[in-house]
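Here's the structure, in structure tokens; my notes come after.
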Amino acid sequence: MDLEIYDDTKNVPEEKIKLIEDVLNFAGSYLKLPENTEMSVTLMDNEHIHEINKKYRGVDKPTDVISFAIEEDDPDEVTIILPEDEEFDIPKNIGDIMVSMDKVKEQAEYLGHSEDRELGFLVVHGFLHLNGYDHMKEEDEKEMFGLQREILDSYGLTR
């Protein structure tokens, strides 16, 4: 996976960045995504995610993770016409995830598990949203949360 990770806090340890890379690459393989799938993760504090949550979701408080999926069928997008006699391997950008590192710490402490488990949970949760999973209906929630647990358990980030 072509993954960009941005640390807006400027103090996330390298091992946490590596964990995010490893977990998301594992999740991408688990879902059998093409190797050239692109996405980004931005790590931030509660103040910054609060601003984004308020601006884009209308919710005036910090949250743990926000996903911005890139919509495939944009009617205003200009179509790129490629020559038929050549093959192109065009990567698919699935979107962006934003994670509050403050919430990672708070929620890990509250839930009584490691910060690594919480960080892995949040990035996989956001990743699944980018791949079309949701939890608005009970049956969708069962599917998404079941898959989330499978990925994390298979990777080794158990509760």
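The Rg/Rh ratio for the chain is 1.00, where Rg is the radius of gyration of the alpha carbons and Rh is the Kirkwood radius. Heavy-atom accessible area, probed at 1.4 angstrom with all protein chains present, ranks Ile70, Ile94 as Ile70, Ile94, highest first. For the pair Glu115 and Lys32, label points projected 7 Å from Cα toward Cβ lie 3.8 nm apart.
Per residue of the range 45-59, in order, report the coupling 6.51 cos²θ - 1.76 cosθ + 1.60 (Karplus, θ = phi - 60°) as ³J(HN,Hα) in whole Hz, putting x for Gly and Pro. 3J(HN,Hα) across the range 45-59, in whole Hz: 9, 4, 4, 5, 5, 4, 4, 5, 4, 5, 5, 9, 10, x, 10. Scanning the chain for long hydrophobic helices, with DSSP H runs required to stretch 18 angstrom or more by C-alpha along their axis and to average at least 0.0 on the Kyte-Doolittle scale, returns 115-130. Residues Leu111, Leu33, Leu147, ordered by accessible area of protein heavy atoms at a 1.4 angstrom probe radius and largest first, appear as Leu111, Leu33, Leu147. If a/c stays under 1.5 just call it rounded; otherwise compare a/b with b/c (prolate if a/b is bigger, oblate if not). Do that for the range 3-69, with a ≥ b ≥ c from the square roots of the Cα gyration tensor eigenvalues. Because a/c hits 1.5 or more and a/b fails to exceed b/c, the range 3-69 counts as oblate.
Taking the 1.4 Å solvent-accessible surface of the chain as the whole, the part contributed by carbon and sulfur is 46%. Counting only heavy atoms of the protein chains and using a 1.4 Å probe, Glu51 has close to 110 Å² of accessible surface.
Straight Cα distances below 16 angstrom link Lys18 to the lysines Lys10, with same-chain residues fewer than 8 positions distant left out. Once both labels are positioned 7 Å from their Cα atoms along Cα-to-Cβ, the gap between Tyr6 and Glu138 label points is 4.1 nm.
For Asn93, the residues 5 or more places off, or on other chains, whose built amide H falls under 5 Å of its own are Glu38. Over the chain, accessible surface divided per residue gives 64 Å², non-protein components excluded, 1.4 Å probe. Only helical runs count toward this figure. For the chain, summing -39,500 (n - 2.57) over DSSP H runs of n ≥ 4 and dividing by all residues gives -14000 deg cm²/dmol at 222 nm.
Rounded to the nearest 20, the Cβ-based charge dipole of the chain about its Cα centre (Lys and Arg +1, Asp and Glu -1) stands at 960 debye. In the chain, taking the dipole from charged Cβ atoms about the Cα centre, the farthest positive-side position among Tyr110, Phe26, His48 is held by Tyr110. Heavy-atom accessible area with a 1.4 Å probe sorts Ser154, Ser40, largest first, into Ser154, Ser40.
The values are calculated or read from the model by the stated rules, or taken from the named source; none is laboratory data. Please read these numbers as outputs of a predicted model, since none were measured by experiment. Neighbour counts are summed over all protein chains in view; Cβ atoms, including those assigned to glycine, are modelled from backbone coordinates with ideal geometry. Each accessible area value is taken on the protein alone, full model and side chains, heavy atoms only, with ligands, DNA and RNA left out. Shrake-Rupley method; radii C 1.70, N 1.55, O 1.52, S 1.80 Å.
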